[in-house]
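First up is the structure itself, then whatever we jot down about it.
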């Protein structure tokens, strides 16, 4: 649950006090802000991270496993390498959006830096 201006990176304020913000709405709002700065910024970041990903085979229903060591906790799996790579791209995007929404730094990857979104005010 986010309260008032706790969503510092977006500067969202609500007069009703604490409101739960579903992740789908949060992701949409952050994505909209990133598009204002150029959608290519996050696409370049994802591509750079995917270029640094390490893949391996594991004993699982989804035997392809991929992770980006520079991004703590970012990993995905899939039934094929292509599915794993697609899942990893989605995971990286979600990880970046959550870090931005929480006001956390997004580490540069391959010389690509994600700039903070423009500030907006709602309400």
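Just checking, how many residues over segment 56-115 are part of a strand (DSSP E or B) and either surrounded by 19 or more Cβ atoms within 10 Å (Cβ to Cβ) or without any contact (Cβ under 8 Å) to a residue 24 or more places away in the chain (or both)? Full working, then the answer.
Step one: of segment 56-115, the residues part of a strand (DSSP E or B) are 56-57, 64-67, 75-78, 109, 112.
Those still in the list that are either surrounded by 19 or more Cβ atoms within 10 Å (Cβ to Cβ) or without any contact (Cβ under 8 Å) to a residue 24 or more places away in the chain (or both) too: 56-57, 64-67, 75-78, 109.
Number of matching residues: 11.
Checking residue 61 against (1) farther than 23 Å from residue 98 by Cα; (2) modelled with pLDDT under 95, which single condition isn't satisfied?
(2)
Mind checking whether some residue in segment 11-33 is modelled with pLDDT of 95 or more and assigned to a loop (DSSP other than H, G, I, E, B)? Spell out the reasoning first.
Quick first cut of segment 11-33, residues modelled with pLDDT of 95 or more only: none.
Looking for residues that are modelled with pLDDT of 95 or more and assigned to a loop (DSSP other than H, G, I, E, B), one finds none in segment 11-33, hence no.
The values are calculated or read from the model by the stated rules, or taken from the named source; none is laboratory data. These figures come from a predicted structure and were not determined experimentally. Cβ sites come from the backbone with ideal geometry, for glycine too, and all protein chains shown count toward neighbours.
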